[in-house]
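A short write-up of the structure that comes next.
The values are calculated or read from the model by the stated rules, or taken from the named source; none is laboratory data. Everything quoted here is computed from the prediction, not taken from an experiment. Using ideal geometry, Cβ is built from the backbone for each residue, glycine included, and neighbour counts are taken over all protein chains shown. When the accessible area is computed, the model is the full protein with side chains, heavy atoms only, and any ligands, DNA or RNA have been set aside. Shrake-Rupley method; radii C 1.70, N 1.55, O 1.52, S 1.80 Å.
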Amino acid sequence: MGRVNDLDPLASFAALLTDEGRALLDSLDAYDPAQELATATRLRREHPTALVSAALGQARLRQRAVAKFGAEDARRMFFTPNGVEQATRRSVASYRAERFAGLGVRSVADLCSGIGGDAIALARAGIQVLAVDRDPLTAEVARANADALGLAELIEVRCADVTEVDTAGYDAVFVDPARRGGRGRIFDPEAYSPPLSWAIGAARTRPHAALKIAPGIPHEAVPEDAEAEWISDGGDVKEAVLWFGTRPGTVGATLLPGPRSLTGTGLPDPAVRKVGRFLYEPDGAVIRAHLVAEVAEQLGGGLIDETIAYITADEQRATQYATAYEITDELPFSLKRLKALLRERGVGVLTVKKRGSAVEPEELRRRVKPQGPNAATVFLTRVAGAPTMLIGRPA
């Protein structure tokens with residue numbers, strides 16, 4: 001093959017798609033990063049140096065991508081560093097694609113498509129996709145991924161500015177604006193690329209739309225004609241989505257795997273009450289969606305503090321939206337008292353959770369030096385405004 005220019009990302013990526021490049025990548029399927037120097041030295045005897053560098057970089061990215069895409073897809077797909085970081089997790093993308101399909105959507109313009117994570121999920125749900133990204137390398141990677149996964153007939157990739165794309169021929173649009181800049185994460189929705197106001201305008205032109213946004217978006221920034229959904233996966237909040245053409249004004253939390261979905265009913269904040277036998281920690285999506293009151297009503301419980309999203313109750317009830325703990329002790333905050341209690345009970349495995357406390361879990365563990373065969377969970381929090389330690393175990 002010809003000389004690979006490692007200063008030209010497009011040329012380097014194109015080299016990976018040649019027969020030689022693909023064979024080299026396949027040989028790195030079980031690549032061990034700890035052996036990179038030896039591996040690179042061996043491969044450079046048979047392949048151009050720049051191609052070896054590109055292949056090793058891709059092998060590293062594929063290993064990072066396993067957590068989001070699963071091993072089977074990750075080993076066939078192509079990535080960029082930003083693409084791995086910003087791509088939607090497969091479980092979340094699949095859930096959203098199924099929701100689009102359930103709305104009767106047969107075609108979607110995926111704007112700011114990145115390396116194609118959402119486009120792949122949409123295509124697998126039987127939906128025709130136009131995937132648009134303005135970065136030439138990212139667009140080429142998305143095209144290669146559609147081909148590698150056998151979805152090229154359902155995914156058209158276009159390198160263009162999304163604000164100049166005509167979406168009139170599509171049932172829906174999905175917009176995932178860039179929320180990172182040169183200085184890191186962007187918190188102002190109008191500083192997204194493109195701005196959230198533009199994305200909302202694009203959403204309103206089609207029968208259905210979904211806009212992926214940061215989960216920290218203020219509720220007052222949600223348009224009245226949108227449905228707001230917060231999504232968590234395995235207990236970690238991943239994103240918020242504004243849906244158009246669905247249920248205007250609705251607020252919901254969806255927990256994956258499942259999905260398990262909770263919809264707001266407009267309940268007032270729960271009353272504050274003394275700590276009961278059980279403490280419930282609502283899922284992060286429930287908290288972000290401001291649906292703690294709905295869970296508290298299910299549990300017949302109240303809050304331990306008006307500003308803290310822990311629910312307490314005297315009896316244990318089943319819930320899909322919170323984790324239950326049985327509380328054995330309630331103490332004013334004191335490292336000395338906590339250390340003595342843990343020593344008395346032989347606690348060596350200590351899980352530290354905090355909400356409303358400035359104490360760092362690792363610092364607390366270092367200070368109390370837990371030792372012994374038993375396990376416990378300590379909550380560093382506030383109860384009726386006072387710094388408090390709640391000790392217990394999963395119920």
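Note on ARG337 and LYS274: the extension gain reaches 20.6 nm, defined as 0.36 nm multiplied by sequence separation minus the Cα-Cα distance.
What the Kirkwood sum gives for the range 82-202 is a hydrodynamic radius of 14.3 Å, with every pair of different alpha carbons counted.
For the chain, which whole-number percentage of the solvent-accessible area (1.4 Å probe, protein heavy atoms only) is attributable to carbon and sulfur atoms? Carbon with sulfur: 49 percent of the solvent-accessible area. Among 286-293, 380-387, 113-120, the peptide with the highest mean count of other Cβ atoms within 10 Å heads the list, and the full ranking is 113-120, 286-293, 380-387. Note on the range 123-233: with charges restricted to the Cβ of Lys and Arg (+1) and Asp and Glu (-1), its dipole about the Cα centre is near 300 debye. With all protein chains kept in place, the per residue accessible area of the chain amounts to 47 square angstrom at a probe of 1.4 angstrom. Taking amide hydrogens as modeled 1.01 Å from N in the peptide plane, which residues meet the under 5 Å criterion relative to THR388, leaving out close sequence neighbours? Answer set, sorted by chain and number: PHE333, THR381, ARG382, VAL383. Annotation: lysines with alpha-carbon distance below 22 angstrom to LYS68 (same-chain offsets under eight excluded): LYS212, LYS238.
Given a cut-off of under 8 Å on Cα pairs at least six residues apart, what relative contact order in percent is computed for the range 56-201? This gives 20 percent for the range 56-201. Select one label from (1) 5, 21, 29, 25, 15, 4, 0, 0; (2) 5, 23, 32, 26, 12, 2, 0; (3) 5, 19, 24, 21, 18, 11, 2, 0: the one whose number is P(r) over Cα pairs in 10 Å bins from 0, in percent as derived from the coordinates shown. Step by step, P(r) over Cα pairs in 10 Å bins from 0, in percent for this structure corresponds to label (3).
Across the chain, C-alpha contacts under 8 Å between residues 6 or more apart give a mean separation that, scaled by the residue count, equals a relative contact order of 8 percent.
Kirkwood radius, the range 180-323, all distinct C-alpha pairs, inverse of mean reciprocal distance: 16.3 Å. Between GLN371 and GLU36, the contour length at 0.36 nm per residue exceeds the Cα-Cα span by 116.6 nm. Relative to the longest principal axis of the Cα atoms of the chain, the long axis of helix 136-148 makes an angle of roughly 90 degrees. The sum of -39500 (n - 2.57) across all DSSP H runs of n ≥ 4, divided by the residue count of the chain, sets its helix-only mean residue ellipticity at 222 nm to -9500 deg cm²/dmol.
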